[in-house]
1. When you check Ile103 against the structure, is it more than 15 Å from the chain's Cα centre (by Cα), part of a helix (DSSP H, G or I) and within 30 Å of Tyr35 (Cα to Cα), yes or no?
2. State yes or no: is Tyr149 more than 19 Å from Lys40 (Cα to Cα) and at pLDDT 95 or above?
3. Before we move on, is Phe16 surrounded by 13 or more Cβ atoms within 10 Å (Cβ to Cβ), free of Cβ contacts under 8 Å to residues at least 40 places away in the same chain and not aliphatic (A, V, I, L, M)?
4. Filter the range 1-10 down to residues that are without any contact (Cβ under 8 Å) to a residue 12 or more places away in the chain and surrounded by 12 or more Cβ atoms within 10 Å (Cβ to Cβ), then give me how many there are.
5. Is there a residue in the range 100-110 that is under 16 Å from Val20 (Cα atoms), at pLDDT 95 or above, surrounded by fewer than 18 Cβ atoms within 10 Å (Cβ to Cβ) and of a type in the set (A, V, I, L, M)?
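The values are calculated or read from the model by the stated rules, or taken from the named source; none is laboratory data. These numbers come from a predicted model, not from an experiment. Cβ: placed from backbone, ideal geometry, glycine included. Neighbour counts: every protein chain shown.
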Amino acid sequence: MRKQEKILRIACSVLFFAAVAAMGTAFTDTSSEWYQSLLKPELQPPPLVFTIVWTLLYLLLAASLSLVSVMPGIQKKTLALFVLTGVLNVLWMYTFFYLQNPIGAFFVLIITAIAAIALYPEVYRYNRIASYLLVPYMVWLCFALYLNYELAFFN
């Protein structure tokens, strides 16, 4: 693979997750009357924590995708799983905040976690470091499942 193609793939990887972050942010409104009225779980972090964590997670996802996208013989399935996780992240924010549907968002989050679990071994086949970069994302998804469950079923 030529240097220019590698640079283009890395740039596309970073731009993809930057677009995911921007679209997700467009749907997120933690200051809305609806969100403020929700009974929050005990372990609910303040909104700033979500901003910091998701920024770091999107950077890790972009780095992981960048490392994998330049590997020789990369399968479309692996790249499709990265795209799927990004799309599902935006869909969660749309479902939770825009549609104000925590139960629907909970089910989107379950599918997101399944996609992330499926992504891990695919990435591991190509680059172990890239797969390790996915671990914080999967851990956060578990925590998010707890938070979303609490919000969905106690409001």
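1. On the way: more than 15 Å from the chain's Cα centre (by Cα): yes; part of a helix (DSSP H, G or I): yes; within 30 Å of Tyr35 (Cα to Cα): yes.
For Ile103, the condition - more than 15 Å from the chain's Cα centre (by Cα), part of a helix (DSSP H, G or I) and within 30 Å of Tyr35 (Cα to Cα) - is met.
2. Numbers: more than 19 Å from Lys40 (Cα to Cα): no; at pLDDT 95 or above: yes.
The answer is no for Tyr149.
3. Details: surrounded by 13 or more Cβ atoms within 10 Å (Cβ to Cβ): yes; free of Cβ contacts under 8 Å to residues at least 40 places away in the same chain: no; not aliphatic (A, V, I, L, M): yes.
No; evaluated as a whole, the condition is false for this residue.
4. Within the range 1-10, residues that are without any contact (Cβ under 8 Å) to a residue 12 or more places away in the chain and surrounded by 12 or more Cβ atoms within 10 Å (Cβ to Cβ) number 1.
5. Step one: list which residues in the range 100-110 are under 16 Å from Val20 (Cα atoms), which gives 108-109.
Still in the running and at pLDDT 95 or above: 108-109.
From what's left, surrounded by fewer than 18 Cβ atoms within 10 Å (Cβ to Cβ): none.
No, the range 100-110 has no match at all.
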